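Engineer: One structure, pasted below without further comment.
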Amino acid sequence: MLKNIIFLCVLSFASANVFANIGPDELVRKTADDVISTIKQDKDIQAGDTSKIYKLAEEKILPNFDFERISRLVLGKAWRKATDKQKTEFKYEFKNLLLRTYAVALSKYKDQKIEYKPLRMKPTDEIVTVKTEIIQSGGQPIDVDYALAKQDDGWLVIDIIIEGVSLVTNYRSQFASEIKKNGMDSLIIELAKKNKTNDS
């Protein structure tokens, strides 16, 4: 389920760095065009070149996420109880996990289309939701919503909701179960194992 969520969200979001200081909806639109254009123009990526796919994910997707805030959200109470060392190690492994998951998603792009819904936002809003819809040939449209938080120089993603399923809530449930059974260090070890497996 989680891989399907990541696959869909990748279609709609790329690097915010190039488009700093614009509205959150315009950011999503412009950067989606950027990442899709890159895929369409690069035959190596289309053919499954792992190194290029990872580079695309790292440069055009991950910079849009507030990993500090997302890490706090997915760990909940466990974040407050964790040591500084555990927090640093968790963020490193969690970020790598997402990188590898996004890379797999990028390799599966097959000309899906994106429609953007009108943004409802007040000038004073610090967190907004950008709503999009993924149009798939032969399949039902999929709702993809992005929760973005305002930063000093733009906006960053803090959650993604696919058909009502929150990325943060999904991970929180998985991680809480592991922490409850075996502790924070065990979760970090398990994430590291997954990342190592994906590297092999």
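The values are calculated or read from the model by the stated rules, or taken from the named source; none is laboratory data. Bear in mind the structure is a predicted one, so any value in this text is a computation, not a measurement. Because the Cβ atoms are built from the backbone with ideal geometry, glycine has one as well, and the counts that use them run over all protein chains shown. Side chains are part of the model used for accessible areas, which takes the heavy atoms of the whole protein and leaves out ligands, DNA and RNA. Shrake-Rupley method; radii C 1.70, N 1.55, O 1.52, S 1.80 Å.
Engineer: What's the number of the only condition in (1) under 22 Å from Leu62 (Cβ atoms); (2) exposed (fewer than 14 other Cβ atoms within 10 Å of the Cβ) that Asn170 fails to meet?
Structural biologist: (2)
Engineer: Could I ask something else about it? For Lys55, are the conditions met, namely being in a helix (DSSP H, G or I), over 18 Å from the mean Cα position of the chain (by Cα) and among the basic types (Lys, Arg)?
Structural biologist: no
Engineer: Okay, moving on. For the structure I just gave you, tell me whether Leu62 is surrounded by fewer than 19 Cβ atoms within 10 Å (Cβ to Cβ), at pLDDT below 90 and under 27 Å from Asp152 (Cβ atoms).
Structural biologist: Numbers: surrounded by fewer than 19 Cβ atoms within 10 Å (Cβ to Cβ): yes; at pLDDT below 90: yes; under 27 Å from Asp152 (Cβ atoms): yes.
So Leu62 fits the description; yes.
Engineer: Something else about it: Any idea which residue in segment 140-151 is modelled with the highest pLDDT, counting only those that are within 18 Å of Glu26 (Cβ to Cβ) and open to solvent by 40 Å² or more (accessible area, probe 1.4 Å)? Step through it out loud before you land on a result.
Structural biologist: Looking only at segment 140-151, we keep the residues that are within 18 Å of Glu26 (Cβ to Cβ), and these are 144-151.
Still in the list and also open to solvent by 40 Å² or more (accessible area, probe 1.4 Å): 150-151.
Details: Lys150: 94, Gln151: 90.
Only one residue fits best here, namely Lys150.
Engineer: When the residues of segment 72-99 are narrowed to those that are among the polar types (S, T, N, Q) and modelled with pLDDT of 95 or more, which ends up least open to solvent (accessible area, probe 1.4 Å)?
Structural biologist: This residue is Gln86.
Engineer: Out of segment 162-192, which residues are at pLDDT 95 or above and over 15 Å from Trp79 (Cα atoms)?
Structural biologist: Passing the criteria: Lys181, Asn182, Ile189, Glu190, Leu191, Ala192.
Engineer: Okay, next question. From the list Ile39, Ile22, which residue is at pLDDT below 85 and β-branched (Val, Ile, Thr)? Talk me through it step by step, then tell me what you get.
Structural biologist: Details: Ile39 fails: at pLDDT below 85.
Of the residues listed, the single one that is at pLDDT below 85 and β-branched (Val, Ile, Thr) is Ile22.
Engineer: Give me the residue from segment 107-139 that is hydroxyl-bearing (Ser, Thr, Tyr) and touching a residue at least 60 places away in the same chain (Cβ under 8 Å) and, out of that set, surrounded by the most Cβ atoms within 10 Å (Cβ to Cβ). I'd like the intermediate steps shown before the answer.
Structural biologist: Pass one, segment 107-139, residues hydroxyl-bearing (Ser, Thr, Tyr): 107, 109, 116, 124, 129, 132, 137.
Still in the list and also touching a residue at least 60 places away in the same chain (Cβ under 8 Å): 107, 109, 116, 132.
Working: Ser107: 20, Tyr109: 16, Tyr116: 15, Thr132: 22.
Selected residue: Thr132.
Engineer: Could you list, in sequence order, the residues of segment 66-111 that are closer than 18 Å to Ile189 by Cβ and among the basic types (Lys, Arg)?
Structural biologist: Lys81, Lys85, Lys87, Lys91, Lys95, Arg100
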